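Undergrad: A single structure is presented below for examination.
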Amino acid sequence: MTVKLEAPPKHSKLPEYKLSGIDAQMPEHRHGMVVSPRIKSLGINKWRVDGFKLHMAGYWEIHLELLEKGVKKKIRIPITI
């Protein structure tokens with residue numbers, strides 16, 4: 001899986017982030033993934049994530065942890081598969 005952050009159209013350029021963590025949880029089942037993903041930088045605000053596997057159908061929340069100049073930012077992305 002490739003994760004890429006982009007500014008919305010007609011907005012200024014995004015600051016440079018470091019992806020310091022990624023995980024996924026199934027809140028309704030109270031568990032997460034059965035694997036530990038590995039992150040590799042592919043340049044500014046773009047990363048390759050290996051070992052990311054949503055192993056069952058249903059509602060998931062993908063959690064990204066970003067660093068910008070040492071400040072942690074968390075993003076939650078809801079997804080149903």
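The values are calculated or read from the model by the stated rules, or taken from the named source; none is laboratory data. This structure is a prediction, so every number in the text was calculated from the model and none was measured. Cβ placement follows ideal geometry from the backbone for every residue including glycine, while neighbour counts extend to all protein chains displayed. Remember, those area values only see protein heavy atoms, side chains included, never the ligands or the DNA or RNA. Shrake-Rupley method; radii C 1.70, N 1.55, O 1.52, S 1.80 Å.
Undergrad: Please state the charge dipole magnitude for the chain, taken about the Cα centre, from unit charges on C-beta atoms (+1 on K and R, -1 on D and E), reported in debye and rounded to the nearest 20.
TA: Dipole size: approximately 300 debye.
Undergrad: Hey, another quick one. Can you give the accessible area of Arg76, probe radius 1.4 Å, in Å² rounded to 10?
TA: 130
Undergrad: What nm distance separates the two modelled labels at Lys53 and Thr80, each placed 7 Å from Cα along Cα→Cβ?
TA: Simple spin-label model gives 2.5 nm for this pair.
Undergrad: Here's a follow-up. Ignoring ligands and nucleic acids, what accessible area does Val35 show with a 1.4 Å probe (Å², nearest 10)?
TA: That residue has around 60 Å² of solvent-accessible surface.
Undergrad: Let me ask another. In terms of modelled amide H atoms, which long-range or inter-chain residues lie less than 5 Å from the amide H of Leu14?
TA: Excluding prolines and chain starts, which carry no amide H, the hits are Ala7.
Undergrad: Next question. Report the residue, chosen from Glu65, Glu16, Glu28, that carries the largest GNM mean-square fluctuation when the chain is represented by alpha-carbon nodes joined by springs under 10 Å.
TA: Its mean-square fluctuation being the largest, the pick is Glu28.
Undergrad: While we're here: Keeping all protein chains in place, calculate the accessible area per residue for the chain (probe 1.4 angstrom), answer in Å².
TA: With the other protein chains kept in place, the chain gives 72 Å² per residue.
Undergrad: Among Lys53, Lys18, Lys69, which one moves the most in a GNM of the chain with springs linking Cα atoms closer than 10 Å?
TA: Taking springs between Cα atoms under 10 Å, the residue moving most is Lys69.
Undergrad: ³J(HN,Hα) across the stretch 20-31 via Karplus (A = 6.51, B = -1.76, C = 1.60, θ = phi - 60°), whole Hz, x for Gly/Pro?
TA: 9, x, 8, 7, 9, 10, 10, x, 5, 9, 6, 8
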